[in-house]
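What follows is one structure encoded as structure tokens, with my remarks underneath.
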Amino acid sequence: MRKSILLSFLTIALLLTASLSMLAGKVWISPIEFLSGEQNALIIFELRFPRTLLAIIIGAALGMAGAAMQGFLRNPLADPGLFGISSSAALGAIFSIFLGLSASIWILPIFALLGAALGMGLLTLLAGRSGSLIIFTLAGLILSSLTGSLTALLISLAPNPFASSEIITWLMGAITDRSWNDIYFTAPLVAIGMLALLLSAKMLDALTLGQEVAVSLGVNIALLQYLLILGIGFTVGASVAVTGIIGFVGLVVPHLMRPLTDERPSSLLIPSAMAGAILILVADSIIRIIPSASELRLGIAMSLLGAPFFLALLYHMRRRLV
């Protein structure tokens, strides 16, 4: 009953925020104007509707990835960026800009996805088959540090100031000026990733009892690792490929949803996906209606929201420990 009420509430909230997203902007379009004008309908279906759908896809992907990672590491401070897959995808995209190939609509996302795939492969190689959570976490930190250093290197070696500016702007993350092609590219990949994460749900539940107990219950930790690498690789990699880095969604959303569930990872995955979509929709709608000469980048807005939340969470955890 509790789960049904939560999912019903999130569904209604998602529909309302999606409707708001399609109508909101520097110029508001009321439902009456939308139904009465061909030009307004064109703006909705060709500009705002793809942006709204992409916000839902990206938010759901990052929200579910964050919930899965926190369940796997049994750490409420875990974030999908810790695996290094998002920075690997960003490195691939930046490499395409560095080479001057980003003018094509497909080249940059493909390079980003190749970067995420390379990161997934390196993470699998570094983690090995031991199934150790410590080794897996250290492997993710090593990969994240390596890709971050290579990204800084490419920025410093950019062939001209325009390439450097384009790299920095892309890293800020945004869903501005996205089209149906971005939806066609992202949606299937995110669907594959989310399916892999859902397949790991029951194993994540068993892991909450401890790794030794989970193994005694028949959980294959190495298989669980591979599912998570695949799931987070596709969800986060595809998201970064079309939007750049948008942080803190995977950290914030599971914390907001956890008190409303029975706190099992399997019960948290879908609510976190829906709440992640709502969060991105609300944030994107707000930055569109803020009166400013240029639109605030979504990645910056999420960082401004997520950093205080992270500090408050750290303070709360410190008080509980003391």
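Please list, in order along the range 133-148, the HN-Hα scalar couplings obtained from phi with the Karplus expression 6.51 cos²θ - 1.76 cosθ + 1.60 (θ = phi - 60°), rounded to whole Hz, x for Gly and Pro.
The phi angles translate into 5, 5, 4, 5, 5, 4, 4, x, 5, 4, 5, 4, 5, 5, 5, x Hz.
On average, how much accessible surface per residue is there in the range 204-322, in Å², for a 1.4 Å probe, leaving out ligands, DNA and RNA?
Ligands and nucleic acids excluded, the result is 43 Å² per residue.
Using a/c under 1.5 as the rounded threshold, could you call the range 155-215 rounded, prolate or oblate? The axes a ≥ b ≥ c are square roots of the C-alpha gyration tensor eigenvalues, and prolate needs a/b larger than b/c, oblate otherwise.
Here the range 155-215 falls in the oblate category.
Rounded if a/c is under 1.5, else prolate if a/b beats b/c, else oblate: with a ≥ b ≥ c from the C-alpha gyration tensor eigenvalues square-rooted, which is the range 1-118? Show your work: numbers first, answer last.
Numbers: a/c = 3.68, a/b = 1.20, b/c = 3.07.
Here the range 1-118 falls in the oblate category.
Could you sort 188-199, 234-245, 18-29, 61-72 so that the peptide with the highest average Cβ count within 10 Å comes first and the rest follow in order?
Answer by packing, highest mean first, reads 61-72, 234-245, 188-199, 18-29.
Please list, in order along the range 207-218, the HN-Hα scalar couplings obtained from phi with the Karplus expression 6.51 cos²θ - 1.76 cosθ + 1.60 (θ = phi - 60°), rounded to whole Hz, x for Gly and Pro.
Whole-Hz 3J(HN,Hα) from phi for the range 207-218: 5, 5, 7, x, 5, 5, 5, 4, 5, 5, 8, x.
Residue-wise, which Karplus ³J(HN,Hα) couplings in Hz belong to the range 300-316, taking 6.51 cos²θ - 1.76 cosθ + 1.60, θ = phi - 60°, and x for glycine or proline?
5, 4, 5, 5, 5, 7, x, 4, x, 4, 5, 5, 5, 5, 4, 5, 5
Return the single residue from Ala89, Ala214, Ala174 with maximal mean-square fluctuation; model: Gaussian network over the chain, springs between Cα atoms under 10 Å.
It is Ala214.
Would you mind pulling out the separation of the Cα centroids of the range 2-18 and the range 54-125, in Å?
28
For the chain, modelled as a GNM with alpha-carbon contacts under 10 angstrom, which of Ile85, Ile278, Ile134 fluctuates the most?
Maximum among the listed residues: Ile134.
From zero up to wherever the largest Cα-Cα distance of the range 198-277 sits, split into 10 Å bins and tell me the percent of pairs in each.
17, 43, 33, 7, 0
Once amide H atoms are built 1.01 Å from N in the peptide plane, which residues 5 or more positions from Ile29, or in another chain, come under 5 Å H to H?
Excluding prolines and chain starts, which carry no amide H, there are no hits.
Would you mind giving the three semi-axes, in whole Å and largest first, of the ellipsoid equivalent to the chain according to its Cα gyration tensor?
Listed largest to smallest, the semi-axes of the chain are 32, 26, 17 Å.
If you roll a 1.4 angstrom probe over the protein chains with everything in place, what fraction of the accessible area of the chain belongs to carbon and sulfur, to the nearest %?
Answer for the chain is 72 percent, counting heavy atoms of protein chains only.
If eta is 1.306 mPa s and T is 10 °C, what Stokes-Einstein diffusion coefficient results for the range 253-322, Kirkwood Rh from Cα pairs, in µm²/s?
Values: Rh = 14.0 Å.
Here the translational diffusion coefficient equals 113 µm²/s.
The values are calculated or read from the model by the stated rules, or taken from the named source; none is laboratory data. As the structure is a prediction and not an experimental result, all values here were calculated from the model. For neighbour counting, all protein chains shown are included, and Cβ atoms are generated from backbone atoms with ideal geometry for every residue, glycine included. These accessible areas exclude ligands, DNA and RNA; they are computed on the full protein's heavy atoms, side chains included. Shrake-Rupley method; radii C 1.70, N 1.55, O 1.52, S 1.80 Å.
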